[in-house]
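Notes for the one structure printed next.
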Amino acid sequence: MAKTSLSAGQKAPDLCLPDPEGNDVTLGDLKGKWVVLYFYPRDNTSGCSIEAMEFTKLKPDFEKEGAFILGVSKDSQKSHQRFIEKKELGITLLSDEDTELQQSYDVWHLKKMAGKEYMGTVRTTFLIDPEGNIVKVWDKVKAKGHAMEVLEELRVIKGE
């Protein structure tokens, strides 16, 4: 599985995607905040549920650090609404149905499963500073424990 070509030190590609209520969210709206931007394959799958629930649980800790969490997948706004309700999520999920953002972050790659090849999202997380620069990238993320790993790294980067 390929890794993203983006790395720490680069300007984060801008985004403008709808949340489940249809409000567009942009990086510009979040200027001055740290942003945890994580890409995941599909709503309501085991790994994606674990990751989203862990980020939800740690959301107050991220907020104390001045960080905002955004999850992005190819799923529709309606799918995100169902996922949020079913798993009682408290984070913002954005719909990238045409995969344009995933392509700009280079997380949309050829994948293989059960002998079949298909295009899909490589689970990847970006930590973006308040000026809009990428400060850390996690490639090919394992869902369990990842949210805590991101929170701990944020605290180290901020010098706490």
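Quick notes
- If you filter the range 61-85 down to residues that are farther than 11 Å from Glu97 by Cα and acidic (Asp, Glu), you find that the one that is least open to solvent (accessible area, probe 1.4 Å) is Glu65.
- Output for the range 64-87, where each listed residue is assigned to a helix (DSSP H, G or I), over 24 Å from Val150 (Cα atoms) and of a type outside the set (D, E, K, R): Gln77, Ser79, Gln81
- Residue-level analysis places Ala143 outside the set of residues that are closer than 12 Å to Val36 by Cβ, aliphatic (A, V, I, L, M) and in contact with an Asp or Glu (Cβ under 9 Å, 6 or more places away or on another chain).
- Qualifying residue in the range 143-157 (condition: in contact (Cβ under 8 Å) with a residue 12 or more places away in the chain, open to solvent by 80 Å² or more (accessible area, probe 1.4 Å) and part of a loop (DSSP other than H, G, I, E, B)): yes
- The set of residues in the range 9-57 being part of a loop (DSSP other than H, G, I, E, B), of a type in the set (Gly, Ala, Ser) and over 16 Å from the mean Cα position of the chain (by Cα) consists of Gly9, Gly22, Gly32.
- When Trp108 is tested against (1) under 20 Å from Leu15 (Cα atoms); (2) in contact with a His (Cβ under 8 Å, 6 or more places away or on another chain); (3) open to solvent by 40 Å² or more (accessible area, probe 1.4 Å), exactly one condition is not met: (2).
- Scanning the range 12-23 for residues that are open to solvent by 80 Å² or more (accessible area, probe 1.4 Å) and either of a type in the set (S, T, N, Q) or farther than 15 Å from Glu100 by Cα (or both) yields Glu21, Asn23.
- Filter result for Ser95 (in contact with a strand residue (DSSP E or B) (Cβ under 9 Å, 6 or more places away or on another chain), of a type in the set (Ser, Thr, Tyr) and in contact (Cβ under 8 Å) with a residue 24 or more places away in the chain): yes
The values are calculated or read from the model by the stated rules, or taken from the named source; none is laboratory data. The model shown is predicted, which means the values in this text are computed figures rather than measured ones. Every residue, glycine as well, gets a Cβ built from its backbone with ideal geometry; the counts of neighbours run over all protein chains shown. Areas reflect the complete protein model, heavy atoms only, side chains present, ligands, DNA and RNA absent. Shrake-Rupley method; radii C 1.70, N 1.55, O 1.52, S 1.80 Å.
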